[in-house]
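Have a look at the structure below, then the notes.
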Amino acid sequence: MTEQPMVRFDNVSKRYGALTVLDGLNLEIAHGEKVSIIGPSGSGKTTVLRMLMTLETINDGVIWVEGQPLTHMERNGKLVPADLAHIRKIRAKIGMVFQSFNLFPHMTAMQNCIEAPITVLGMKRADAEARAADLLDMVGLSEKKDHYPSQLSGGQQQRVAIARACAMRPKIMLFDEVTSALDPELVGEVLEVIRKLGREHDLTMLMVTHQMGFAKEFSDRVCFFHAGKICEQGPPNELFGAPKNERTRQFLHAVLEAG
Amino acid sequence: MIWDWAFAFEILPVLARAAIVSIEATLIGFALAASLGLVLAVVRIAVPWTGWTISVLVELIRSTPLLIQIFFLYFVFPKFGVVLDAFTAGVLAIGIHYAAYCSEVYRAGFDNIHRGQWEASIALNLSSWTTFRDIIIPQAIPPIVPALGNYLVALFKETPLLSAIAVLELMQTAKIIGSETFRYTEPTTLVGLFFLAMSLVSAALIRSLERLLNRRTMR
Amino acid sequence: MGIRTLVTLLVVALGVIAVLATQEAYSLFMPGLLQGAVLTVEIAVLGSLLAIVMGVLAALARMYGPAPLRWLATVYVEIFRGTSALVQLFWLFFVLPQFGVTLNAFLVAVLALGLNVGAYGSEVVRGAIQSVARGQWEASTALNMSRPQMLRRIILPQAFVAMIPPWGNLLIELLKSTALVSLITLSDLAFKAQQMNQNTFKTIPIFTLVLLMYLAMSLVLTIGMRLLERRASLGLARGRAA
Ligand SMILES: Nc1ncnc2c1ncn2[C@@H]1O[C@H](COP(=O)(O)OP(=O)(O)O)[C@@H](O)[C@H]1O
Ligand SMILES: [Mg+2]
């Protein structure tokens, strides 16, 4: 049996009223693959991640995860829109880290990391705490475990958010511009955690980023989005080194120009 | 029979006349509340040392029941030789009660005016009165109109309290009809429906007013 | 007004009541008024509990309930917000018996006030839930929580803090509205006041005492809500200044 792709967008479209944000998107991501999405603001990058996280419904097409439909389910041999129970079953394989962290402000770092494992996975408190302690250690925040989000810097908050997402043991992790809300000197510590995650965990990663250097060094593949479509994609040294598409060239030129 | 249509139609004209009294009480009471409230809010800014006194006064009025205040005014004035008829005493009490609420609304409106507006007016050498009338009030009032509108509706819904001192407004009229005919269902329900209709209409009006104001300030 | 000022005001109010109670002209009325005040507090407390329960239930039903429940909750809120509290009180007291349901006056008082304030409360609850940042919902979804789990563990604890001040105002309104029950034969503080006034015509001493008593009760409630707010926001704001 040939291995199923981890994620497959099959002709997926997303519209807001008259505005078509994504137009017939086709994208496959292999098991363990690290894919970066780059492109100008408003090109639909965030929307791709949000659809996969089921934060947005889709208007056309099907999203598949490990060969199973996410947005749909099979009934009498036909695909019908998924119900919540089905979505929750498949969604369990996916985790997401947000640009604005979205930590729970009324919970400590530790509580943020054990909340869903206990309530959703039904883990015992002690087990959840042991797992969370390991993850907080991995992101270098063991000694901050009893701090509330408001007592942490942006970089620290984002690292807790990464640990929190990992605590659910997802197979796919989504990162939406996770360093964009950070002061420049804090970007490095978060990227370092993502690198480590890529090395030490068996994760498929899909990230939207403006850190071209990081995308080039870290990802297996880079997709350039423009106006709701993948304009060009390929291995990072090809896409950054010798972009074929005029739009890609313009975009990279503009980004490099800005420094 | 639980609901008698013929009886309901029979009492409708009487209730309609009473509704006019309720509406009169509302309009006069609110005019009093809106102007007295504005005076309180302005005095507070113009004469800073009154701030604490006005705060305590507002707190006293808002912390005690309107019904007691109505009784108080109605029964206390004669002690000083001033005999007020029930309508006047009741409307006065309602007006004073809601003036306390309105003054806080105005205060919030004034607080929202950027300090730069005062400073610019001083730089232009406008007198404080001119500043107030031409610069501050025109900016402060429109945003708070919906909040004042909500108090107008709230005040309207408290006019049935006037029945406690036998003002012939809607509730009192319904009660009289009830005690004379031993039928409370129709008069009380009709009064309720009247309030419901008025409230829904005013809520819609306030909402569109809010939209209008939002659009104006967006420009 | 700061909590210090409120406490000062409360102490002053209680002090004045105590001093007046030793005066011959006033002491006569104290026992009866206190009796009335006890009933007022009973109705206010039970009414408040009902209001809070109804407020939360109606808000959740309107936001997340199935269509019939949503519809029912909307009708409840519109009717009880749209008609006057006194009309509701009279309706339950005089009209409901015509439908074969006769409740005693005390129960009618608690029901009418609780349902009335609960209708306003549902808007407060709804507003507070909607004020929780969208990112909190999204993060909970990304962690695969169910709707009830999100509400219970993430959203409501945060909404709770935002709800306290407006609920404080509503419960004050409820406390003040208890005076209306004097009009359906209950011997609360307002009833006692009016009764004694009719019997003795000592309007000024009686109403002075009564106003001070209501003031004291309101202040206790306001101060209590302020303390609750302070405690609740501690969890959210911890170290924000740090
Ligand atoms: N909730 C929404 N309603 C309407 N338009 C939206 C909404 N969310 C996103 N959009 C539009 O969809 C387009 C793509 O948005 P997004 O995926 O956030 O872009 P990117 O992340 O690439 O900057 C933008 O034009 C944006 O304005
Ligand atoms: Mg984006």
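Overview of results
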read-out: Candidates B:I206, B:I165, B:I177, filtered to the one that is more than 12 Å from chain C (Cβ to nearest Cβ) and surrounded by 13 or more Cβ atoms within 10 Å (Cβ to Cβ); value: B:I206
read-out: Residue within region A:60-67 that is farther than 21 Å from A:K171 by Cα, more than 14 Å from chain C (Cβ to nearest Cβ) and more than 19 Å from the chain's Cα centre (by Cα) present; value: yes
read-out: Which listed residue, of B:L27, B:L15, B:L36, is out of contact with any Cys (no Cβ under 6 Å at 6 or more places or on another chain), crowded, with 16+ Cβ neighbours inside 10 Å and more than 14 Å from chain C (Cβ to nearest Cβ); value: B:L36
read-out: Qualifying residue in region A:60-76 (condition: closer than 26 Å to A:F251 by Cβ and within 9 Å of ligand 1 (Cβ to nearest atom)); value: no
read-out: Test result for A:M96, among the aliphatic types (A, V, I, L, M) and in a strand (DSSP E or B); value: yes
read-out: Any hit, region A:220-229, residues being away from ligand 1 (no atom under 15 Å from the Cβ) and either more than 14 Å from every other protein chain (Cβ to nearest Cβ) or surrounded by 21 or more Cβ atoms within 10 Å (Cβ to Cβ) (or both); value: yes
read-out: Helices (runs of 4 or more DSSP H) (entirely within region A:142-227) containing at least 3 residues that are more than 20 Å from A:G39 (Cβ to Cβ); value: A:154-166, A:184-200
read-out: Any chance A:L206 is more than 16 Å from ligand 1 (Cβ to nearest atom) and surrounded by 17 or more Cβ atoms within 10 Å (Cβ to Cβ); value: no
read-out: Hits in region B:101-132 - residues which are of a type in the set (V, I, T) and in contact with a helix residue (DSSP H, G or I) (Cβ under 6 Å, 6 or more places away or on another chain); value: B:V105, B:I113, B:T131
read-out: Residue pairs meeting the criteria (Cβ under 7 Å; at least 6 apart or on separate chains; first within 14 Å of chain C (Cβ to nearest Cβ), in region A:28-50; second more than 9 Å from ligand 2 (Cβ to nearest atom) and outside any helix (DSSP H, G or I)); value: A:T47/A:K14; A:T47/A:V21; A:T47/A:L22; A:T47/A:E56; A:L49/A:M96; A:L49/A:L174; A:L49/A:L206; A:R50/A:E56
read-out: In region C:195-224, the residues that are at pLDDT 95 or above and either over 23 Å from the mean Cα position of the chain (by Cα) or more than 10 Å from every other protein chain (Cβ to nearest Cβ) (or both); value: C:V220, C:I223, C:G224
read-out: Residue match in region A:66-86 (condition: outside any helix (DSSP H, G or I) and under 30 Å from A:F240 (Cα atoms)); value: yes
read-out: Residue check for C:I79: within 14 Å of another protein chain (Cβ to nearest Cβ), among the β-branched types (V, I, T) and either within 30 Å of C:L189 (Cβ to Cβ) or touching a Cys at 6+ places or on another chain (Cβ under 7 Å) (or both); value: yes
read-out: Test result for A:L55, farther than 24 Å from A:F251 by Cβ, within 14 Å of chain C (Cβ to nearest Cβ) and within 14 Å of ligand 2 (Cβ to nearest atom); value: yes
read-out: Given (1) in contact with a Leu (Cβ under 7 Å, 6 or more places away or on another chain); (2) surrounded by fewer than 15 Cβ atoms within 10 Å (Cβ to Cβ), index of the condition B:N125 fails; value: (1)
read-out: Evaluation of C:S187 against (1) within 14 Å of chain B (Cβ to nearest Cβ); (2) within 26 Å of C:L89 (Cα to Cα); (3) touching a residue at least 60 places away in the same chain (Cβ under 8 Å) (one fails), failing number; value: (1)
read-out: Region A:173-192, residues that are surrounded by 21 or more Cβ atoms within 10 Å (Cβ to Cβ), away from ligand 2 (no atom under 16 Å from the Cβ) and among the β-branched types (V, I, T); value: A:V190
read-out: Qualifying residue in region A:68-84 (condition: within 16 Å of ligand 2 (Cβ to nearest atom) and closer than 30 Å to A:D220 by Cα); value: no
read-out: Any hit, region B:105-122, residues being within 28 Å of B:V58 (Cβ to Cβ), within 13 Å of chain C (Cβ to nearest Cβ), of a type in the set (K, R) and touching a Ser or Thr at 6+ places or on another chain (Cβ under 7 Å); value: no
read-out: Selected residue [in a helix (DSSP H, G or I) and hydrophobic (A, V, I, L, M, F, W, C)] from B:L84, B:L126, B:L152; value: B:L152
read-out: Unmet requirement for A:E200, which otherwise passes all of (1) more than 16 Å from ligand 2 (Cβ to nearest atom); (2) surrounded by 20 or more Cβ atoms within 10 Å (Cβ to Cβ); value: (2)
read-out: Those residues of region B:143-186 which are over 26 Å from the mean Cα position of the chain (by Cα) and not hydrophobic (A, V, I, L, M, F, W, C), in sequence order; value: B:G178, B:S179, B:E180, B:T181, B:R183, B:Y184, B:T185, B:E186
read-out: Among residues of region A:19-41, those that are within 10 Å of ligand 1 (Cβ to nearest atom), more than 22 Å from A:K216 (Cα to Cα) and loosely packed, with under 15 Cβ neighbours inside 10 Å, counted; value: 1
read-out: Complete set of residues in region B:113-142 that are within 23 Å of the chain's Cα centre (by Cα) and in contact (Cβ under 8 Å) with a residue 12 or more places away in the chain; value: B:Q139, B:A140, B:I141, B:P142
read-out: Helices (runs of 4 or more DSSP H) (entirely within region C:47-155) containing at least 1 residues that are under 23 Å from B:A174 (Cβ atoms); value: C:67-82, C:85-90, C:105-131
read-out: Extreme residue, surrounded by the most Cβ atoms within 10 Å (Cβ to Cβ), among residues of region A:230-247 that are in contact with a Phe, Trp or Tyr (Cβ under 9 Å, 6 or more places away or on another chain) and more than 20 Å from A:L206 (Cβ to Cβ); value: A:P243
read-out: Hey, B:L38 part of a helix (DSSP H, G or I), of a type in the set (A, V, I, L, M) and within 30 Å of B:E180 (Cα to Cα) or not; value: no
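Yes/no per residue for (1) within 14 Å of chain C (Cβ to nearest Cβ); (2) more than 17 Å from A:M110 (Cα to Cα); (3) within 16 Å of ligand 1 (Cβ to nearest atom); (4) in contact with a His (Cβ under 7 Å, 6 or more places away or on another chain):
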{"position": "A:A132", "(1), (2), (3), (4)": "yes, no, no, no"}
{"position": "A:P149", "(1), (2), (3), (4)": "yes, no, no, no"}
{"position": "A:V160", "(1), (2), (3), (4)": "yes, no, no, no"}
{"position": "A:P170", "(1), (2), (3), (4)": "yes, yes, no, no"}
{"position": "A:P184", "(1), (2), (3), (4)": "no, yes, no, no"}
{"position": "A:V187", "(1), (2), (3), (4)": "no, yes, no, no"}
{"position": "A:K196", "(1), (2), (3), (4)": "no, yes, no, no"}
{"position": "A:H201", "(1), (2), (3), (4)": "no, yes, no, no"}
{"position": "A:C231", "(1), (2), (3), (4)": "no, yes, yes, no"}
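The values are calculated or read from the model by the stated rules, or taken from the named source; none is laboratory data. It should be emphasised that the depicted structure is a prediction, and the values quoted were computed from it without experimental measurement. As a convention, Cβ positions derive from the backbone with ideal geometry for all residues, glycine included, and neighbour counts pool all protein chains shown.
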